[in-house]
Every structure is written in C-alpha cells, then in structure tokens.
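Enquirer: Pasting a structure here, questions to come.
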Amino acid sequence: MCSNAKIYKGEKQMILRIYTDGACSGNQSSNNFGGWGAILEFGPHKKELFGGSVNTTNNRMELTAVIEAFKALNKDDQIVEVFSDSAYVSNCFREKWYESWEKNKWRNAAKKSVDNQELWKELLALVRRHQVTFYRVKGHVNLSSKSTDFAKIYEKFVSWNGSRFSYDDFEYITAMNNRADELANMGIKQVKGEQ
C-alpha cells in the first residue's frame with residue numbers, strides 16, 4: 001500500500017480530502033445505535049472525527065459524517081474531494097438528484113417528500129461554499145485477505161470514478177474508508193456507553 005498518497009496521479013496542487021462512513025447497529029429497528037466517522041486530510045495533516053446517535057438510520061449517519069466533516073473546515077472556497085461508500089450520498093451529488101428535489105419543492109420522482117431533507121439542505125449549504133467532487137468507494141474491503149479480488153474491486157472503482165486514480169491510490173483510499181468505518185463503529189460504542 002502506498003504510504004503517502006496525498007498527490008494522486010496527474011495532480012498539480014494540494015486538495016483537501018474527506019473520507020466518510022456511517023453505520024447503524026439495528027438499522028430498521030425502532031431501538032438502534034448509529035455512528036459516523038470522517039477523516040480530513042490536507043497534505044501531511046489529518047484530523048479524525050466521530051460521533052453517534054440513538055434511534056437513527058444508516059443513511060442519516062452517512063449524511064451526518066459528511067456534514068460534520070464540512071463543519072470542521074475553517075475557511076471557504078477550498079477544493080475538496082469526498083470519498084464515500086454510500087451510493088445514497090455520492091450518487092446524489094454525482095447525478096445531481098438535489099437539483100430535481102429543489103426544483104420540485106423537495107419531492108422525489110415518486111412525488112413523495114425527500115427523506116432526510118433537513119440533513120440534505122444542511123449538507124448542500126455546506127458543499128456550496130467549496131469546489132467539491134464526490135467519489136464512490138466500495139465499503140468493507142478486507143485489504144489483508146488473500147481471497148479478496150482486488151483487480152475486480154479496482155475495476156469497479158475505476159468504472160465509478162474514472163481512470164484518474166492509480167491502483168496505489170485505490171488501495172490508500174480503500175484503507176482510509178476502512179478507517180472511517182472504524183471511527184463510525186467507535187461512535188456507536190460511544191453512544192452505547194462502551195467507550
């Protein structure tokens with residue numbers, strides 16, 4: 001694994017990167033525990049954040065992870081890349097679902113109220129203060145397993161994100177996503193009082 005993948009293939013400048021994950025123990029049940037984790041990375045500087053909530057959903061935790069990461073930024077108009085294993089979060093920005101939601105007074109294609117709209121509105125306000133690109137990552141990849149088909153996962157990563165990232169970049173990004181998942185689980189433990 002590459003030890004310092006701060007400047008990815010073909011880059012000419014430093015970019016602030018955010019790696020996020022959300023988790024929910026007992027998702028879909030009325031009594032559950034959720035956690036979120038985020039890593040902010042700018043050059044050699046890293047900051048880890050995590051937290052949790054009771055009676056929530058996985059999607060709310062995924063959104064909260066990105067929101068809390070953006071709230072930790074201390075200046076506007078930064079070039080930011082967000083790496084998330086949540087299709088819910090990354091596809092919304094990559095496919096611009098929010099444009100239709102806003103145009104249709106926060107109704108989705110089925111004419112129903114958009115779920116988690118207070119979180120989406122908060123996140124959109126934060127994102128619009130910067131130049132942001134979202135990337136999708138496969139979650140829960142065991143980087144130490146001999147049975148993991150890394151070539152296939154890398155191929156999927158490239159199909160989602162283009163060929164800008166090298167294989168070493170992919171490994172590093174995946175490791176960071178795994179760390180964000182660990183942080184989200186720390187958030188769950190904190191809420192449960194186990195930490």
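Enquirer: Among DSSP beta bridges whose residues both lie in the chain, state the antiparallel percentage, nearest 5.
Expert: 65 percent
Enquirer: Who wins for biggest fluctuation among Arg164, Arg136, Arg17 in a Gaussian network model of the chain, springs between alpha carbons below 10 Å?
Expert: Arg164
Enquirer: Would you please calculate the Kirkwood hydrodynamic radius of the chain over all C-alpha pairs and express it in Å, rounded to one decimal?
Expert: In the chain this quantity evaluates to 17.3 Å.
Enquirer: Under 24 Å between alpha carbons, and skipping anything fewer than 8 positions from Lys138 in its own chain: which lysines qualify?
Expert: Lys6, Lys9, Lys46, Lys47, Lys96, Lys146, Lys152, Lys156, Lys189
Enquirer: Gap in Å between the Cα centre of segment 78-107 and the Cα centre of segment 116-175?
Expert: 14 Å
Enquirer: Summing -39500 (n - 2.57) over the DSSP H runs of n ≥ 4 in the chain and dividing by its residue number, what mean residue ellipticity at 222 nm do you reach, to the nearest 500 deg cm²/dmol?
Expert: -12500 deg cm²/dmol
Read the figures in this text as sums done on the coordinates, not as results from a lab. Small disclaimer: the values here were computed from a predicted structure and weren't measured.
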